[in-house]
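Written below as structure tokens is the structure these notes are about.
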Amino acid sequence: MNSRFRHRHRLLLAAAATVAVLLPATAGHAAAAPQVGPDVSSHQHPGGASINWFAVRAAGQQMAMVKATESTWYVNPYFIPDSLGVRAAGLVRATYHYADPSRPAAAQALFYASIVLGQNGVLDLPPVLDLEHSGGLGPAALAGWVREFVRTLEPITGRKTIIYTYPNFWNTAMGSTREFADHPLWIASYNGKSAPQMPNGGWRTWTFWQFTSSGWLPGVSTRVDLNRYNGSTGGLRAYGNSINVFGS
């Protein structure tokens with residue numbers, strides 16, 4: 001191999017190596033839905049610390065999900081200041097109810113609605129049911145509980161309830177039911193990949209993906225859940241603007 005050929009060969013190998021390194025990263029970046037914001041509860045307020053929602057927005061976040069209620073008795077003590085802060089910062093806003101299937105579903109839906117009824121304006125997302133525990137119910141009974149919750153809530157809000165869950169819970173506690181596949185899915189999946197693991201629930205796609213429970217954001221003093229939206233940030237804001245459109 002002569003010196004000129006060796007030189008050209010080395011250049012080609014270097015170029016190929018560069019492409020091999022860059023392509024996976026570029027493809028993964030292109031495939032990943034945009035990170036859009038945190039979901040928070042009282043845990044993000046250690047010692048009564050507040051969240052600087054303007055700093056969250058300045059860091060490039062587009063939305064926030066705030067825990068509102070749990071069961072039939074608990075209201076997040078930071079719900080109102082966080083909800084108002086999210087609104088003031090111009091972030092798309094969502095609220096969620098943490099399900100307690102050991103207590104009646106309809107009562108919880110009414111309780112949640114009574115707290116967040118005002119959260120149905122411009123840049124407000126549909127309500128969210130956070131489903132992580134069975135409350136001792138079997139799959140059929142738990143599916144019935146979810147059915148009662150959404151049937152009670154949706155005539156009040158006029159919007160299709162988003163369901164938050166994680167794959168293993170849905171596949172076991174919910175028995176992989178496909179009954180709720182027409183509801184938007186917010187899936188918790190910490191798999192480190194460019195797309196979440198999906199539950200066996202009939203969903204063809206996901207709407208929100210909680211991809212980590214240990215993120216950091218300016219303005220938040222603790223680790224925080226971070227989420228992606230399966231679409232553009234413009235599409236997210238449009239979703240928040242679809243007021244009182246049943247099925248949105």
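The values are calculated or read from the model by the stated rules, or taken from the named source; none is laboratory data. Only a predicted model underlies this, so the values are computations on that prediction, with no experimental measurement involved. Neighbour counts are summed over all protein chains in view; Cβ atoms, including those assigned to glycine, are modelled from backbone coordinates with ideal geometry. Note: accessible area is taken over every heavy atom of the protein model, side chains too, but ligands, DNA and RNA are not part of it. Shrake-Rupley method; radii C 1.70, N 1.55, O 1.52, S 1.80 Å.
So here's what we get for this one:
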| quantity | calculated |
| --- | --- |
| Residue within segment 133-150 that is farther than 27 Å from Ala107 by Cβ, open to solvent by 10 Å² or more (accessible area, probe 1.4 Å) and among the aliphatic types (A, V, I, L, M) present | no |
| For Asp100: the one exception among (1) without any contact (Cβ under 8 Å) to a residue 60 or more places away in the chain; (2) of a type in the set (Asp, Glu); (3) within 30 Å of Pro218 (Cα to Cα) | (3) |
| Index of the failed condition, Ser83 passing every other in (1) hydroxyl-bearing (Ser, Thr, Tyr); (2) open to solvent by 10 Å² or more (accessible area, probe 1.4 Å); (3) part of a helix (DSSP H, G or I); (4) under 16 Å from Val220 (Cα atoms) | (2) |
| Val128 vs. criteria under 19 Å from the mean Cα position of the chain (by Cα) and more than 29 Å from Gln61 (Cα to Cα) | no |
| Residue list for segment 127-145, restricted to those being in a strand (DSSP E or B) and aliphatic (A, V, I, L, M) | Val128, Leu129 |
| Condition check for Ala49: over 13 Å from the mean Cα position of the chain (by Cα), within 18 Å of Leu226 (Cβ to Cβ) and surrounded by fewer than 15 Cβ atoms within 10 Å (Cβ to Cβ) | no |
| Qualifying residue in segment 88-104 (condition: surrounded by 18 or more Cβ atoms within 10 Å (Cβ to Cβ) and part of a helix (DSSP H, G or I)) | no |
| Some residue of segment 168-183 being under 14 Å from the mean Cα position of the chain (by Cα) and farther than 13 Å from Pro127 by Cα | no |
| Matching residues in segment 173-208 - criterion: being aliphatic (A, V, I, L, M), within 19 Å of Arg159 (Cα to Cα) and open to solvent by 30 Å² or more (accessible area, probe 1.4 Å) | Ala181 |
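This table checks each residue for (1) of a type in the set (A, V, I, L, M); (2) on the phi < 0 side of the Ramachandran plot; (3) modelled with pLDDT of 95 or more; (4) in a strand (DSSP E or B).
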{"residue": "Thr177", "(1), (2), (3), (4)": "no, yes, yes, no"}
{"residue": "Gly201", "(1), (2), (3), (4)": "no, yes, yes, no"}
{"residue": "Thr205", "(1), (2), (3), (4)": "no, yes, yes, no"}
{"residue": "Trp209", "(1), (2), (3), (4)": "no, yes, yes, yes"}
{"residue": "Ser213", "(1), (2), (3), (4)": "no, yes, yes, yes"}
{"residue": "Gly219", "(1), (2), (3), (4)": "no, no, yes, no"}
{"residue": "Thr222", "(1), (2), (3), (4)": "no, yes, yes, no"}
{"residue": "Asn227", "(1), (2), (3), (4)": "no, yes, yes, yes"}
{"residue": "Ile243", "(1), (2), (3), (4)": "yes, yes, no, no"}
